[in-house]
Amino acid sequence: MSVTAKKKAPMPVDIRAAKGGIPIVSLTAYTTPMAQMMDPHCDFVLVGDSVGMVLHGLPSTLGVTMEMMIMHGQAVSRGLSSAMMVMDMPFGSYEASPQQAFGNAARLMSETNAGAVKLEGGLTMAETIAFLVGRGIPVMAHIGLTPQSINTLGGNKVQGRGEARDKLLADAKAVADAGAFAVVLEKVPESLANDITAAIDIPTIGIGASAGCDGQVLVVDDMLGLFTAFKAKFVKRYAHLGDDAEAAIAAYAEEVRNRTFPGKEHVFADQAPKAKT
């Protein structure tokens, strides 16, 4: 009997080495079953703070706590064997100081078995990124539209247009120089994403950026049509599972009210059936 060897999960150095190669594949996950489904197909799985909106009904990512991230990280970790897990650092867990960031990043990694953490911010977070990397915490950066800064950015606006273009390019160079092994580019113009990808020596992971990025990430509930509160321009629906689920629930409710479920095949007789000989 032959046994198919499982793919070894990549490490941050492997993701970094993928710069300019076959595009890196990533999705978010928050539960064990979803992680199991994407494990054979993704290079890394992101436990995103988007969990606050997608699963907990929060209006933004700002209310997500360390405890919530750890709980979901532990669940996702149980479903992965071939993909690396990256944990989002929630709002308020890293901005105060590099020392605060280290304490919380170390906790996230030790309690979830994550391979790396992700934090938002460019030049302003370069010192923190360098501090973490220098102490053994691999960091994925996130620039462009940074959801945790939604109030100061004035909404879900495209970032890096006009005079802001040079600032975003500087942010990308700063996080690369600080030691980040990859950087997420969210909701930036295609041409700028291409310029950043060419200008830095670490992989760019696009979400609302460009096919020219070194990889892509999407919120899995968005691309499966499970989360439909709103749809960003950059989301492609690969399925409409939310519609299917609602139709199935409606059919179930109708059968219960009509007493057609449970049927004979779903209930038990007074006597157990005799075993076939």
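Tabulated data for the structure shown
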item: Condition broken by residue 68, with the remaining ones in (1) of a type outside the set (Val, Ile, Thr); (2) open to solvent by 30 Å² or more (accessible area, probe 1.4 Å); (3) in a loop (DSSP other than H, G, I, E, B) satisfied; result: (3)
item: Test: residue in the range 115-128 that is open to solvent by 40 Å² or more (accessible area, probe 1.4 Å) and closer than 16 Å to residue 181 by Cα; result: yes
item: Search result, residues across the range 212-242 that are part of a loop (DSSP other than H, G, I, E, B) and touching a helix residue (DSSP H, G or I) at 6+ places or on another chain (Cβ under 6 Å); result: 212, 213, 224, 225, 226, 227, 228, 235, 238
item: Among (1) open to solvent by 10 Å² or more (accessible area, probe 1.4 Å); (2) of a type in the set (A, V, I, L, M, F, W, C); (3) without any contact (Cβ under 8 Å) to a residue 40 or more places away in the chain, the one test that residue 209 misses; result: (3)
item: Some residue of the range 43-52 being under 28 Å from residue 156 (Cα atoms) and without any contact (Cβ under 8 Å) to a residue 12 or more places away in the chain; result: no
item: Some residue of the range 243-253 being modelled with pLDDT of 95 or more, among the hydroxyl-bearing types (Ser, Thr, Tyr), surrounded by 11 or more Cβ atoms within 10 Å (Cβ to Cβ) and part of a strand (DSSP E or B); result: no
item: Matching residues, the range 158-194, being charged (D, E, K, R) and either buried (at least 23 other Cβ atoms within 10 Å of the Cβ) or part of a helix (DSSP H, G or I) (or both); result: 165, 166, 167, 171, 173, 177, 186, 190
item: Unmet criterion (only one of (1) out of contact with any His (no Cβ under 7 Å at 6 or more places or on another chain); (2) under 23 Å from residue 45 (Cα atoms)) for residue 184; result: (1)
item: From the options 6, 19, residue that is in a loop (DSSP other than H, G, I, E, B), at pLDDT below 95, touching a Ser or Thr at 6+ places or on another chain (Cβ under 9 Å) and among the basic types (Lys, Arg); result: 6
item: Unmet requirement for residue 156, which otherwise passes all of (1) more than 22 Å from residue 24 (Cβ to Cβ); (2) modelled with pLDDT of 95 or more; (3) not hydrophobic (A, V, I, L, M, F, W, C); result: (2)
item: Residue in the range 103-112 that is at positive phi and not basic (Lys, Arg) present; result: no
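Residues checked against (1) in a helix (DSSP H, G or I); (2) closer than 15 Å to residue 118 by Cβ; (3) in contact with a helix residue (DSSP H, G or I) (Cβ under 6 Å, 6 or more places away or on another chain); (4) small (Gly, Ala, Ser):
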site	(1), (2), (3), (4)
142	no, yes, no, no
156	no, no, no, no
201	no, no, no, no
209	no, no, yes, yes
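To keep it simple, each residue is scored yes or no on (1) open to solvent by less than 10 Å² (accessible area, probe 1.4 Å); (2) small (Gly, Ala, Ser); (3) at pLDDT 95 or above; (4) closer than 21 Å to residue 217 by Cα.
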site: 64; (1), (2), (3), (4): yes, no, yes, yes
site: 72; (1), (2), (3), (4): no, no, yes, yes
site: 81; (1), (2), (3), (4): no, yes, yes, yes
site: 90; (1), (2), (3), (4): yes, no, yes, yes
site: 111; (1), (2), (3), (4): no, no, yes, no
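The values are calculated or read from the model by the stated rules, or taken from the named source; none is laboratory data. Nothing here was measured: the structure is a model prediction, and the numbers come from that model. Virtual Cβ from ideal backbone geometry, glycine too; neighbours counted across all protein chains shown. With ligands, DNA and RNA removed, areas are computed over all heavy atoms of the protein, side chains included. Shrake-Rupley method; radii C 1.70, N 1.55, O 1.52, S 1.80 Å.
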